[in-house]
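Colleague: Okay, here's the structure, questions in a sec.
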């Protein structure tokens, strides 16, 4: 009987070990881990501010991670980098597939670097809806630019959640700016909702087009033209030069039909040949003119404030959506409701109401 008692209390009686000691050791270990994590983030921030490209890549990878343990680390990283951000010009570039966006960005990026600029390219790359795979081919299409030490190219797969990758892209902008990049270029997939998303995070929006405005002009969404601060007709070389000039005139006429922008900026049209490296300097002059005008009339800063408000709401909505669908009760009930919908025993609206009423 006494032997059993002695065994059960052996932990308490063992010299130098108590329940309090164990608790203290756990606390000390936790504190040490937190300090270690803080040191790692501080080191990462320091490296990013020192323009270490490897550190920048690691930082963006952390921000893009879906691991719940990485969220707080990413937020800490962004918070420490934020005071060093907002010093770049953000340019959105869009256009239909085949218009030559990657070729243009390489020529444009190399031109800006020749002026002493540091360029970061964040490309939202299309993903296969079936295999979930992504091409991520921008680095191979920009062979010269990717080798330049003053350039940084980072493709991100859009997957099924364009809003999610857009949020990560916005956070990546902060890290790139903290790393000292003067110009941030955001390339869109050129289809669907991506143009609107990218427009909400850039200062200047450039639409690249091909020759033959006519019928093609009718097929372009009115909203995309309204968003454009400039339209550049690419591949204006050789036998295509005359058609490119005619297309430019067509767009000029079209732009005059749209209401005046709040920025007091009249969108420009021009021609260029990314392949021949022609007209690139003209586009940069247009951008410089736009920045000068909008900064003087304060629209530039008003737009950024408006974008911040928009992304605040978007972030809240995304977080609420994530938390909702990650609940185990919701996951189980969602499967049940989907089965009921498939067997015509309920409607999507009734199912949604039921799911939303669950706590």
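The values are calculated or read from the model by the stated rules, or taken from the named source; none is laboratory data. What you see is a predicted model, and the numbers here were worked out from it, not measured in a lab. Reconstructed Cβ throughout: ideal geometry from the backbone, glycine too, with neighbour counts over all protein chains shown.
Colleague: Looking at 285, 336, which one is surrounded by 11 or more Cβ atoms within 10 Å (Cβ to Cβ) and under 30 Å from residue 264 (Cα atoms)?
Modeller: Details: 336 fails: under 30 Å from residue 264 (Cα atoms).
Unique residue meeting the criteria: 285.
Colleague: Continuing with this model, one more query. Give me the residue from region 262-272 that is under 19 Å from residue 241 (Cβ atoms) and more than 27 Å from the chain's Cα centre (by Cα) and, out of that set, surrounded by the most Cβ atoms within 10 Å (Cβ to Cβ).
Modeller: Among those residues, the one meeting the criterion is 271.
Colleague: Residues in region 76-93: is at least one more than 12 Å from residue 174 (Cα to Cα) and part of a helix (DSSP H, G or I)?
Modeller: Checking region 76-93: at least one residue is more than 12 Å from residue 174 (Cα to Cα) and part of a helix (DSSP H, G or I).
Colleague: Separate question: Can you tell me which condition residue 322 does not meet? The list is (1) assigned to a helix (DSSP H, G or I); (2) more than 30 Å from residue 143 (Cβ to Cβ); (3) assigned by TED's automatic domain parsing to the domain that holds residue 209, and all the others hold.
Modeller: Failed condition: (3).
Colleague: Which count do you get for residues in region 339-359 that are loosely packed, with under 15 Cβ neighbours inside 10 Å and assigned to a loop (DSSP other than H, G, I, E, B)?
Modeller: Summing the residues that are loosely packed, with under 15 Cβ neighbours inside 10 Å and assigned to a loop (DSSP other than H, G, I, E, B) in region 339-359 gives 6.
Colleague: What number of residues within region 173-192 satisfy the criterion of being modelled with pLDDT under 95, at positive phi and more than 15 Å from the chain's Cα centre (by Cα)?
Modeller: Count: 1.
Colleague: Would you be able to tell me the number of residues in region 294-308 that are part of a loop (DSSP other than H, G, I, E, B) and farther than 8 Å from residue 263 by Cβ? Give the steps one after another, and end with the answer.
Modeller: Taking region 294-308 and keeping what is part of a loop (DSSP other than H, G, I, E, B), we get 297-298.
From the residues that got through so far, the ones that are farther than 8 Å from residue 263 by Cβ too are 298.
Of the residues in that region, 1 qualify.
Colleague: Can you name the condition, by its number, that residue 283 falls short on among (1) more than 30 Å from residue 45 (Cβ to Cβ); (2) touching a helix residue (DSSP H, G or I) at 6+ places or on another chain (Cβ under 6 Å); (3) at pLDDT 95 or above; (4) in a helix (DSSP H, G or I)?
Modeller: (2) is the only condition that residue 283 fails.
Colleague: Related question: Has region 226-249 got at least one residue that is within 21 Å of residue 194 (Cα to Cα), under 30 Å from the mean Cα position of the chain (by Cα), at pLDDT below 90 and assigned by TED's automatic domain parsing to the domain that holds residue 96? Give the steps one after another, and end with the answer.
Modeller: Of the residues in region 226-249, the ones within 21 Å of residue 194 (Cα to Cα) are 226-234.
Okay, now just the ones that are also under 30 Å from the mean Cα position of the chain (by Cα), so 226-234.
Remaining after also requiring at pLDDT below 90: 226-227.
Retained after the next criterion (residues that are assigned by TED's automatic domain parsing to the domain that holds residue 96): 226-227.
Checked region 226-249: at least one residue is within 21 Å of residue 194 (Cα to Cα), under 30 Å from the mean Cα position of the chain (by Cα), at pLDDT below 90 and assigned by TED's automatic domain parsing to the domain that holds residue 96.
Colleague: While we're looking at this one, here's another question. Return a yes/no flag: does region 98-116 have any residue that is at pLDDT 95 or above and part of a loop (DSSP other than H, G, I, E, B).
Modeller: Within region 98-116, one or more residues are at pLDDT 95 or above and part of a loop (DSSP other than H, G, I, E, B).
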